[in-house]
Amino acid sequence: MNLFFTVSGLRGISFVSLTPEYVLKVSAAFCSLYETPFLLVGRDTRPSGRAFLHSVFSAALSKGKKVLNGKIVPTPSLVYSVKKRRNEASGIIITASHNPPEWNALKFVHPEGRFLFEEEVERLKREVRFFNWERSDNIGVIKFFDPCEEHINAIVENPLILTEKIREKRFKVGIDTAGGAGTDVFPFLLRKLGCEVYSISERAGKFDRPFEVNVENIRGLGEFVRDRNLDIGFALDADGDRLQIVIKGGEILSEEETLPVCLYYLLSRERGDIVTNFSTTEHVEDVAERFNVRVIRTKVGEANVLKKMLEEEAIYGGEGNGGVIVRNFNMTRDAFFATAIVLSFLTELSDSRELRKLTRPRFMKKIKVPVTERKIPMKLEDFIYSLNSSEVETEDGLRVKMKEGFIHIRLSNTEPVIRIIMEAKEKEVIEEWERKIRELL
């Protein structure tokens, strides 16, 4: 059954593997586990979110919560709002992020303003397993609130963001929000920064492309930026935590480049160590080397990245899916803050095409292999060990590091697939690795 309960939340196919009854039970267990007076709730624009929203409401009211309903809200806005109410609120966000529209999920926000760590997810699973309803006369209340304006104002006022310089430039910006939670909020941010906004997303809830940000999915934005002669373009996923960049002329930068681009600007302001996952491009190491800081790698999943950031006291983190975390601002991937960072950087460049020149050429290939069992096939394990590298990492699947590059094979936290990520300095090396792997499959 396609139901996943991991650091990426409780995720499944709406009304098939993820049902309103189960959402009700898990939400009530979460409310029991974190006894904060307030529960902040929001969702993305998937139609199934309306049904799951009421399951969450029923659970929270039964536990006496004061529910603040943010309605349709980007993930980083709601997480930021929980962080600002530290230890007074927890949160549930109804979104399956990059998954197709027929999927949905619950993401659980800890009272510290972050997603649950692995051991906390296991604690929640135990709470669900032994959960029983109890009689209660303490029924909660629901009020509406807007977490987005608070979040956007904090971005505009943040000292890392060159707000006045951005306003002076009056950048012409193309956007593609995929009809997701950022459809109305993203233009609000850009206009507060003085940009002229041109959107190819008609309205919230109209899904005109797959949600995941990658070069293939946002070709329409590339053509739009080129044809309108715009200064830059930005694409979001369904819940607004991942960002992809299109430079002047319409060239689409890989989603892997978002983090290195932001790090280049951030490290020029304040140096600090970086945490990223095992799958992310080694362009991160290129940038770190320039600024003489460490790169610490950990398991895939933003909660895993954030946990390692806290352990290592790292300021910056993120993943190669377009996710950027600046811990002192927001303890989650935040495409809105990342956008403001890129625009700040752009005020110091002749135009956005200079972003292409920041890192050394590397070639990456990502393959998804559907699976019915939650394990890596033995023939792929044998292939990894046949490469005779002394650097094989087994913390998150299998990752082999060689002088040519790396290969990472792991089970997805969010889909019934094995993910294979390969990166090398030479395109021919990637092609040879891919040929051998496809032969095995």
Looking for whichever is more than 22 Å from the chain's Cα centre (by Cα), closer than 24 Å to PHE211 by Cα and not assigned by TED's automatic domain parsing to the domain that holds GLU118 here; the options are THR394, THR372. Which one fits? THR372
The helices (runs of 4 or more DSSP H) lying entirely within segment 133-252 that contain at least 1 residues which are more than 29 Å from ARG85 (Cα to Cα) are 163-169, 219-228
Determine which single condition THR183 fails, assuming it passes every other condition in (1) modelled with pLDDT of 95 or more; (2) crowded, with 20+ Cβ neighbours inside 10 Å; (3) farther than 15 Å from ALA335 by Cα; (4) out of contact with any Pro (no Cβ under 7 Å at 6 or more places or on another chain). (3)
Out of curiosity, is ARG271 within 30 Å of LYS308 (Cβ to Cβ), over 19 Å from the mean Cα position of the chain (by Cα) and not hydrophobic (A, V, I, L, M, F, W, C)? yes
Collect the residues in segment 307-339 that are more than 13 Å from PRO76 (Cα to Cα) and surrounded by 24 or more Cβ atoms within 10 Å (Cβ to Cβ), keeping them in residue-number order. MET309, TYR316, GLY317, GLY318, GLU319, GLY320, ASN321, GLY322
Residues of segment 288-306 classified as in contact with a helix residue (DSSP H, G or I) (Cβ under 6 Å, 6 or more places away or on another chain) and either buried (at least 22 other Cβ atoms within 10 Å of the Cβ) or not β-branched (Val, Ile, Thr) (or both), total: 1
Would you point out the residue of segment 329-354, among those that are assigned to a helix (DSSP H, G or I) and aliphatic (A, V, I, L, M), that is farthest from PRO187 (Cα to Cα)? LEU346
Checking LEU78 against (1) assigned to a loop (DSSP other than H, G, I, E, B); (2) touching a Gly at 6+ places or on another chain (Cβ under 7 Å), only one condition comes out false. Which one? (1)
Please verify whether LEU24 is out of contact with any strand residue (DSSP E or B) (no Cβ under 8 Å at 6 or more places or on another chain), within 23 Å of SER136 (Cβ to Cβ) and either in the same structural domain as GLU112 (by TED's automatic domain parsing) or not in a helix (DSSP H, G or I) (or both), treating the condition exactly as stated. yes
Look at LYS379 and say whether it is assigned to a loop (DSSP other than H, G, I, E, B) and either in contact with a Leu (Cβ under 8 Å, 6 or more places away or on another chain) or among the aromatic types (Phe, Trp, Tyr) (or both). no
When you scan segment 260-307, how many residues do you find that are outside any strand (DSSP E or B) and free of Cβ contacts under 8 Å to residues at least 40 places away in the same chain? 12
Residue count for segment 391-416, restricted to those that are more than 20 Å from LYS436 (Cβ to Cβ) and assigned to a loop (DSSP other than H, G, I, E, B): 8
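The values are calculated or read from the model by the stated rules, or taken from the named source; none is laboratory data. Small disclaimer: the values here were computed from a predicted structure and weren't measured. Cβ: placed from backbone, ideal geometry, glycine included. Neighbour counts: every protein chain shown.
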